[in-house]
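Laboratory data are not the source of any read-out in this text; all were calculated from the coordinates shown. Keep in mind the model is a prediction, meaning the values are calculated, not measured. Virtual Cβ from ideal backbone geometry, glycine too; neighbours counted across all protein chains shown.
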Amino acid sequence: MDEKSQVVTGLSLLTDHDIYLFKEGNHFRLYDKLGAHVVAKDGVTGTYFAVWAPNAASVSVIGDFNQWDCHTHPLTARSDDSGIWEGFIPEIGKGTIYKYHIVSRYNHYWVDKGDPFAFFWELPPNTASVVWDLHYDWGDTEWMARQKERNALDAPYSIYEVHLGSWRRDPGDPDRLLSYREVAPMLARYVKEMGFTHVEFLPVMEHPFYPSWGYQTGGYFAPSRRYGCCQDLMYLIDHLHQNDIGVILDWVPSHFPTDEYGLSYFDGTHLYEHSDPRLGFHPDWTSGIFNYGRHEVRAYLISSAMFWLDRYHVDALRVDAVASMLYLDYSRKEGEWIPNEQGGRENLEAIAFLRRFNEMVYRDFPHVQTIAEESTAWPMVTRPTVTGGLGFGMKWNMGWMHDTLEYFSQDAIYRKYHQDKLTFSIWYAFSENFALPLSHDEVVHGKGSLYGKMPGDPWQKLANLRLLFGYMYTHPGKKLLFMGDEFGQHREWSHLNSLDWHLADEEPHQGLQKWVRDLNHLYRSEPALFETDFHRDGFAWIDFHDADNSVISYLRKDKAGRRVLAVICNYTPVPRLNYRVGVADGGFWEEVLNSDAKEYGGSGHGNMGGIEASPASFYGNFDYTLSVTLPPLGIVVFRKVLDEDAASDSATE
């Protein structure tokens with residue numbers, strides 16, 4: 001037997017303290033210890049392997065280096081009752097393809113498994129892990145030094161949501177996916193030109209089934225091979241950072257696919273998932289549900305979160321399907337779920353896991369954010385864990401999204417009967433740190449595109465989209481827009497095709513795209529639109545009673561209360577002349593944005609650059625009024641010109 005075919009014992013990356021933390025569920029850097037790591041022993045370079053399989057009778061490493069022979073490279077079980085098997089194989093390194101051959105103690109079961117901690121995998125449909133390193137020379141020092149201010153809750157967040165496989169395809173071969181490196185300059189240039197602050201990627205973690213869009217994660221520590229290797233994804237993130245663009249990754253700790261080579265039934269027992277299908281199987285997605293009550297599983301998942309923040313410089317994690325984690329009866333009928341120890345429907349173990357996850361993320365990475373996709377009225381999702389909250393930084397406002405799209409889908413003649421769909425959101429807008437999502441979920445599965453949801457002829461559809469986006473950008477809450485919506489894609493999104501970029505070359509759709517660009521630039525330059533997103537004193541109604549005309553108006557203010565914007569929305573195709581709204585201050589109010597401007601594809605109704613406020617009471621709430629021309633299906637935004645602004649303009653002239 002030559003040296004290459006032997007497993008050398010006596011080398012371990014795991015200390016006694018590592019094992020202690022792992023067994024109690026408090027080791028959150030497991031990616032440095034478990035998995036495959038290229039190291040040297042006695043001057044010989046090779047790979048150290050370590051895998052958790054406590055119910056295995058034997059574990060061996062198989063791969064292309066030993067012709068997949070399960071007898072050649074057995075690992076050794078540690079004697080500390082950790083359930084970890086380990087060993088060092090000389091002279092194999094980066095690029096080695098491998099799996100673990102596991103023989104269980106039970107049921108005469110044996111299986112070949114991928115590495116739960118693999119940094120890299122074969123290209124699907126192949127299913128083996130690949131030994132890899134994570135060395136990369138980062139160039140985003142300036143971004144990381146300013147990460148605190150860029151990702152702060154009082155900073156602007158205008159998020160462009162992207163599915164990498166369908167944002168753009170190779171124009172010469174539409175079936176070919178562009179790599180991380182190929183996408184990097186195009187995406188950075190476009191996002192920067194459009195004025196978005198962050199990019200959010202649908203899960204880039206390795207997944208066996210491409211049409212799952214990454215939400216059936218198979219490799220919790222690996223980027224998808226479909227777009228390149230680890231360093232290629234690092235390059236993409238680095239390039240975005242160097243162009244002042246933050247990066248958010250979708251992360252899925254709620255469920256995992258049951259493919260034989262993956263986490264499911266890992267060592268002949270339900271190791272990562274609950275054994276009872278009423279707890280461990282998800283009926284909607286036919287996937288496994290993690291056992292959040294098991295210490296080692298919690299450590300595994302939180303280590304995954306830390307990994308992307310640490311090794312990939314990610315700015316935020318958007319946690320998918322939180323509602324499915326919180327409720328034991330989620331999507332289950334009576335008799336299909338087990339109450340908790342107190343007899344309730346709340347998943348107490350998942351709640352404890354989410355709190356611990358958030359505590360550890362903000363302890364170790366205080367300048368990032370965690371964002372919950374939570375679709376119910378669960379209280380205090382974004383409140384500190386010490387006060388009973390879940391500890392997230394932000395939460396998607398699904399109620400705002402559903403009500404708003406339901407309102408906009410109404411023909412304008414009926415909207416006066418549904419005005420409460422627009423105004424209700426303010427009643428709860430400050431109960432959580434909300435982000436306003438117009439996400440991929442709203443343009444798939446037969447729901448049609450946003451463009452298709454809008455009533456009226458093509459001109460009215462685009463006018464409605466401009467109004468919708470203007471309303472979103474001026475409503476309290478951070479912003480998220482799915483790719484393609486910014487230029488009004490006609491068809492429903494498909495992961496199999498590139499976006500219909502030819503539409504962006506057509507004049508009406510170019511106008512919508514310019515509108516989104518200018519919304520982003522106004523949003524980022526006006527503290528009144530982002531500083532007080534989560535504070536009630538940053539918003540005030542002017543008038544929400546005018547349902548007959550389908551008009552609402554409101555004020556946005558910065559922290560100091562000096563920068564004030566007045567926003568008026570007309571949800572009908574009827575222009576309204578001399579429409580009066582109240583404001584607190586006299587002087588000149590500059591019209592800073594008008595969705596009906598001709599450059600956006602509008603009809604050109606406007607206010608000649610601004611209006612002088614008149615001293616007249618408005619409903620007894622305001623001492624001044626503006627007499628405004630409201631464009632059809634339009635939104636206008638006015639800014640109170642302060643004395644220092646006027647002085648600055650005069651000096652510039």
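In terms of other Cβ atoms within 10 Å, Cys70, Cys569 run from fewest to most in the order Cys70, Cys569.
If the limit is 26 Å between Cα atoms, which of Lys395/Lys416; Lys148/Lys421; Lys148/Lys557; Lys453/Lys559 go over it? Exceeds cut-off: Lys395/Lys416; Lys148/Lys421; Lys453/Lys559.
Distance from the C-alpha centroid of the stretch 168-241 to that of the stretch 474-514: 18 Å, rounded to the whole angstrom. Can you put Met380, Met472, Met483 in order of Cβ neighbours within 10 angstrom, beginning with the fewest? In increasing order of surrounding Cβ atoms, one gets Met380, Met472, Met483.
Taking every DSSP helix (H) stretch of at least 4 residues in the chain, weighting each as -39,500 (n - 2.57) and dividing the sum by the residue count yields a mean residue ellipticity at 222 nm of -7000 deg cm²/dmol.
Over all pairs of different C-alpha atoms, the stretch 537-652 has a mean inverse distance whose reciprocal, the Kirkwood radius, equals 14.5 Å. In summary, the lysines within cross-link reach of Lys447, defined as a Cα separation below 18 angstrom excluding same-chain residues under 8 places away, comprise Lys461. Checking the a/c ratio against 1.5 first, then a/b against b/c, what shape does the Cα gyration tensor give for the stretch 3-130? Since a/c stays below 1.5, the shape of the stretch 3-130 is classed as rounded. Here Lys94, Lys333 are placed in order of increasing Cβ neighbour count within 10 Å, fewest first, which gives Lys333, Lys94. Here the Karplus relation 6.51 cos²θ - 1.76 cosθ + 1.60, evaluated at θ = phi - 60°, turns the backbone of the stretch 565-582 into coupling constants of 10, 10, 10, 10, 10, 10, 9, 10, x, 9, x, 10, 8, 6, 7, 9, 10, x Hz, with x for every Gly and Pro. Plainly put, the chain has a radius of gyration that is 1.03 times its Kirkwood radius, both from alpha-carbon atoms, as the Rg/Rh ratio. Place a point 7 Å from Cα of Tyr417 in the direction of its Cβ. Which residues in the stretch 449-491 have their backbone N less than 12 Å from it? Output list for this probe position: empty.
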